Amino acid sequence: MTMATPRLATVDLPDFGAPGPRPELPVERYAERVAALRALADERGYDRLVVYADREHSANLAFLTGFDPRFEEAMLVLGPDDPPAILVGNECWGTAGAAPLAMERHLFQDFSLPEQPRDRSRPLAELLAGEGIGDGSRVGVLGWKPHRDRSRIEIPAFIVDELRRLTGTSGLVENANDLLVNPQDGLRIINDVDQLAAFEHASTRTSTGVRRLLDGLRPGVTEAAAVALLGWDGTPLSCHVMLTAGPRATFGLLSPGDRPIGRGEPFTTAFGIWGALTCRAGWVAEDERDLPEGTRDYVERLVAPYFGAVAEWYSALHVGQRGGVLQEIIDRRLGDPFFGIGLNPGHQLHLDEWVSSPVWRGSEVELRSGMAMQVDIIPATGTPWFTTNIEDGIALADEGLRGEFEAGYPEAWRRIQARRAFMRDALGIELHPDVLPLSSLAAALPPFLLRPDRVMTLAS
């Protein structure tokens, strides 16, 4: 595939429009998801499923019930036809009862915070037995991380120990996370139109926030003052907010401090809420003259080859594409050790920032309609050239799903089509009709962050 040479140019990034009220999923969607999961459990021969959640790992439970634990832990128990049961601690009793999925609640105070009362709940073994788990039961356990060896289960050991004791030598207790997050066809991997519309809304907000930050970034502003420009309004985060400049920026994952941001320093920020994450990285500079000696070929050495690789990756996306093809593009174009590409170049996202990935060497996993994916190709150079980064969300939708999206969410659809046109006309990135850009930064990459109007492009 022959592509134009990436270059830096002044580009007018359009205002793609602000989102209206956040789309709400139909209440019945949660019961439909539980029914679908029960059908998969039956195919695999499980009599019961348990779905564990804590504050950091709540996406599976929230997907199924509309409830996520705050401060505490929680656990859903699903049988073949009984009402779903939820075990919660002291502080989540009320919110679990208000969830859109009707559930039988059990108080299990060991899920409460340390030293809170433990005097009103029954033992775990009694609660699990009351939900039909006993000798010979076959139980699938879902927390958040699948393992190739299904005997490896990542939820707290005291729960796993009790499940294994109750089911005995004739039973089975194993990791079943793949039912929800298998990168080919997990229930959380293939999204319906309402969920994708919610993700577009989220991505519009995170990308608008990062754009506002870049437009307002100035030397001398503290990291704490800069991060306020993101405009986070309390919407649940998919990961902690990241923003650093100077020496700490090389670590990428850190939270902002009170240090003033200096001209000529490396800078990175990432803002993620449920269903979206937007990240940009570069230098607090107007042009190469602000960079340290020896790195003033930053654009030619790092940013231009990176942007060319990401553009080809974008252009290769379509329903039916194999994940291994996307990996091959990055290996071919950014395989030099200088670029330091260590993680999967692209992954699936949902309420959590990283659900799974279909992209690895030799992957035969086919991209499917309904997948939401993160453009996440990170050159961790570990050199004075620092890094550069485009992280934006996209969705894949076949003709039928695109028709549903246009009919059900016309304003979001208008934003998506405007982003596609911008990427084609201003950036020179041709997208397959299946590809729906969700971010209002739409692959815009300014290497010098004090000139956010100067971005990389392939357009002539």
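Details
- Once the mean of 1/r is taken over each pair of separate Cα atoms and inverted, region 45-201 shows a Kirkwood hydrodynamic radius of 16.1 Å.
- Accessible area per residue, Å², region 76-116 with all protein chains present, probe 1.4 Å: 43
- Looking at region 1-131, the DSSP beta bridges with both ends there are about 70 percent antiparallel.
- Accessible surface computed residue by residue for region 195-260, with neighbouring protein chains in place and a 1.4 Å probe, gives 41 Å² per residue.
- Normalised by the number of residues in the chain, the mean separation of alpha-carbon contacts (under 8 Å, six or more apart) gives a relative contact order of 16 percent.
- Kirkwood Rh (inverse of mean 1/r, distinct Cα pairs), region 383-454, angstrom: 13.6
- Alpha-carbon radius of gyration plus Dmax, which is the widest Cα pair, for region 1-79 in Å: 21.3, 61
- Placing pseudo-labels 7 Å out from each Cα toward the beta carbon at R70 and E28 gives an inter-label distance of 3.0 nm.
- The convex hull around the C-alpha trace of the chain, projected and averaged over every direction, spans 22.4 square nanometres.
- Percent of alpha-carbon pairs separated by more than 17 Å within region 125-249: 72
- Where only C-alpha atoms are counted, convex hull volume of region 281-417 per residue in Å³: 128
- Region 236-328: GluC sites (Glu not before Pro) falling in loop per DSSP and having at most 16 other Cβ within 10 Å: E286, E293
- Radius, Kirkwood style, for region 414-460 when every pair of distinct Cα atoms is counted (Å): 11.1
- The orientation-averaged projected area of the convex hull spanned by the Cα atoms of region 185-265 comes to 6.8 nm².
- Annotation: the antiparallel percentage among DSSP beta bridges lying fully within region 134-286 is about 80.
- Unit charges at the beta carbon, dipole of the chain: most positive-side option, F386, L142, Q327: F386
- Using a probe radius of 1.4 angstrom, the carbon and sulfur fraction of the accessible surface of the chain is 51%.
- CD proxy at 222 nm, helix term only [per DSSP H run n ≥ 4: -39500 (n - 2.57); per residue of the chain; nearest 500]: -8500 deg cm²/dmol
- Dipole magnitude of the chain, debye to nearest 20 (Cβ charges: Lys/Arg +1, Asp/Glu -1, about Cα centre): 780
- Rounded to the nearest 20 debye, the dipole magnitude of region 362-402 is 100 debye, with +1 charges on Lys and Arg beta carbons, -1 on Asp and Glu beta carbons, and the Cα centre as origin.
The values are calculated or read from the model by the stated rules, or taken from the named source; none is laboratory data. Nothing here was measured: the structure is a model prediction, and the numbers come from that model. No Cβ is skipped: glycine too gets one built from the backbone with ideal geometry, and neighbour counts run over all protein chains shown. Protein only, heavy atoms only, side chains kept; ligands, DNA and RNA dropped before computing areas. Shrake-Rupley method; radii C 1.70, N 1.55, O 1.52, S 1.80 Å.
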